[in-house]
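S.K.: Pasting a structure here, questions to come.
The values are calculated or read from the model by the stated rules, or taken from the named source; none is laboratory data. None of these values were measured; they are calculated from a predicted model. Every residue, glycine as well, gets a Cβ built from its backbone with ideal geometry; the counts of neighbours run over all protein chains shown.
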Amino acid sequence: MRILLIGPPGAGKGTQAVRIAAHLSIPHVSAGDLFREHIEQGTELGRNAHTHLQSGLLVPDEVTIGVVKERLARPDTARGFLLDGFPRSLAQAQALDGILADSGSRMDAVLELQIPEGQVVGRIAGRRLCRQDRDHIFHVDYNPPAAAGVCDLCGGELYQREDDREETVRQRLEVYRTKTASVVDHYQGQGLVTTISAHGHVQEVLHRALNAIGQGQADAAESR
Ligand code: AMP
């Protein structure tokens with residue numbers, strides 16, 4: 001299955017993407033994670049992308065499309081994938097359609113996570129990530145670790161992303177409104193979009209998400 005998870009910053013895309021992908025045994029492809037890997041490895045692409053990430057702006061389309069295209073060419077995506085945070089502009093959506101069409105496929109479902117704009121800053125301010133595994137995501141209120149600052153899953157140190165500061169979050173929200181909302185319209189035109197509320201506990205939203213893409217039985221899903 002080829003699924004896209006889309007929604008404003010703070011909707012919990014990463015948190016749900018990890019769980020949905022595990023449930024369906026497909027890779028989780030996050031454009032943001034691909035950029036953060038480049039930044040950590042100190043590549044030239046990473047150095048260029050860093051400025052954009054720090055300011056909450058989109059990395060230019062041609063760079064982003066190249067990075068994701070290379071990732072989707074790896075063999076583990078043959079049975080499907082879950083895209084998180086790509087496409088974020090109409091040009092990226094059109095490029096993705098072209099990449100898939102070249103291999104005779106297309107997206108199967110687009111899941112839109114919705115939260116009231118007023119909740120964005122608060123939700124992001126509480127997010128904590130694990131230094132050892134970027135799939136280990138916590139929230140001080142909605143998904144708190146048992147011991148503050150320590151990952152329940154591997155004991156790694158929890159930290160706050162540098163672009164989770166309030167002014168950067170406001171910029172990312174503006175980018176979502178002006179650039180990314182058109183991606184939802186694009187896939188609505190293809191009849192692929194289902195919208196769910198991202199409000200509530202992690203397992204509750206997962207249940208809603210799996211039902212929305214016709215993959216219910218969330219109880220069997222990983223309960224991290
Ligand atoms: P995320 O981890 O999805 O919140 O993305 C973090 C940052 O990575 C974004 O604020 C952008 O600077 C960059 N980024 C992620 N995905 C994309 C994309 N599809 N197009 C351009 N920039 C992106």
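Yes/no matrix, rows are residues, columns are (1) surrounded by 15 or more Cβ atoms within 10 Å (Cβ to Cβ); (2) on the phi > 0 side of the Ramachandran plot; (3) hydrophobic (A, V, I, L, M, F, W, C):
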{"position": "GLY155", "(1), (2), (3)": "no, yes, no"}
{"position": "GLU162", "(1), (2), (3)": "no, no, no"}
{"position": "ARG165", "(1), (2), (3)": "yes, no, no"}
{"position": "THR168", "(1), (2), (3)": "yes, no, no"}
{"position": "VAL175", "(1), (2), (3)": "yes, no, yes"}
{"position": "HIS186", "(1), (2), (3)": "yes, no, no"}
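S.K.: Checking the structure you have, find out if any residue of region 58-77 is over 24 Å from VAL175 (Cβ atoms), among the charged types (D, E, K, R) and either more than 13 Å from the ligand (Cβ to nearest atom) or more than 15 Å from the chain's Cα centre (by Cα) (or both).
M.R.: Step one: of region 58-77, the residues over 24 Å from VAL175 (Cβ atoms) are 73-77.
Checking which are among the charged types (D, E, K, R) leaves us with 74, 76.
Next, only the ones that are either more than 13 Å from the ligand (Cβ to nearest atom) or more than 15 Å from the chain's Cα centre (by Cα) (or both) stay: 74, 76.
Yes, region 58-77 contains at least one residue that is over 24 Å from VAL175 (Cβ atoms), among the charged types (D, E, K, R) and either more than 13 Å from the ligand (Cβ to nearest atom) or more than 15 Å from the chain's Cα centre (by Cα) (or both).
S.K.: Something else: Would you be able to say whether some residue in region 98-109 is closer than 19 Å to GLY214 by Cα and part of a strand (DSSP E or B)?
M.R.: yes
S.K.: Here is a follow-up. Of the residues LEU4, LEU24, LEU34, which is within 10 Å of the ligand (Cβ to nearest atom) and touching a residue at least 24 places away in the same chain (Cβ under 8 Å)?
M.R.: Only one candidate passes the filter, namely LEU34.
S.K.: All but one of (1) part of a helix (DSSP H, G or I); (2) within 12 Å of the ligand (Cβ to nearest atom) hold for PHE86, so report the exception by its number.
M.R.: Condition (1) is where PHE86 drops out.
S.K.: Any chance region 105-126 includes a residue that's in contact with an Asp or Glu (Cβ under 8 Å, 6 or more places away or on another chain), away from the ligand (no atom under 15 Å from the Cβ) and modelled with pLDDT of 95 or more?
M.R.: yes
S.K.: Determine if region 76-93 includes at least one residue that is free of Cβ contacts under 8 Å to residues at least 40 places away in the same chain and surrounded by 14 or more Cβ atoms within 10 Å (Cβ to Cβ).
M.R.: Yes, region 76-93 contains a residue that is free of Cβ contacts under 8 Å to residues at least 40 places away in the same chain and surrounded by 14 or more Cβ atoms within 10 Å (Cβ to Cβ).
S.K.: While we're looking at this one, here's another question. How many residues does region 161-175 contain that are under 23 Å from ARG134 (Cβ atoms), touching a helix residue (DSSP H, G or I) at 6+ places or on another chain (Cβ under 9 Å) and within 13 Å of the ligand (Cβ to nearest atom)?
M.R.: 10
S.K.: Kindly state which helices (runs of 4 or more DSSP H) lie completely within region 11-65 and contain at least 3 residues that are of a type in the set (S, T, N, Q) and loosely packed, with under 15 Cβ neighbours inside 10 Å.
M.R.: In region 11-65, the matching helices (runs of 4 or more DSSP H) lie at 44-55.
S.K.: Determine, yes or no, whether HIS50 is within 10 Å of the ligand (Cβ to nearest atom) and free of Cβ contacts under 8 Å to residues at least 40 places away in the same chain.
M.R.: On the way: within 10 Å of the ligand (Cβ to nearest atom): yes; free of Cβ contacts under 8 Å to residues at least 40 places away in the same chain: yes.
Considered against the rule, which asks whether it is within 10 Å of the ligand (Cβ to nearest atom) and free of Cβ contacts under 8 Å to residues at least 40 places away in the same chain, HIS50 comes out as yes.
S.K.: Now for a different question. If you scan region 75-96, which residues turn out to be touching a Lys or Arg at 6+ places or on another chain (Cβ under 7 Å) and polar (S, T, N, Q)?
M.R.: SER89
S.K.: From the list LEU129, LEU153, which residue is within 16 Å of the ligand (Cβ to nearest atom) and over 23 Å from SER89 (Cβ atoms)?
M.R.: Criteria check complete, one pass: LEU129.
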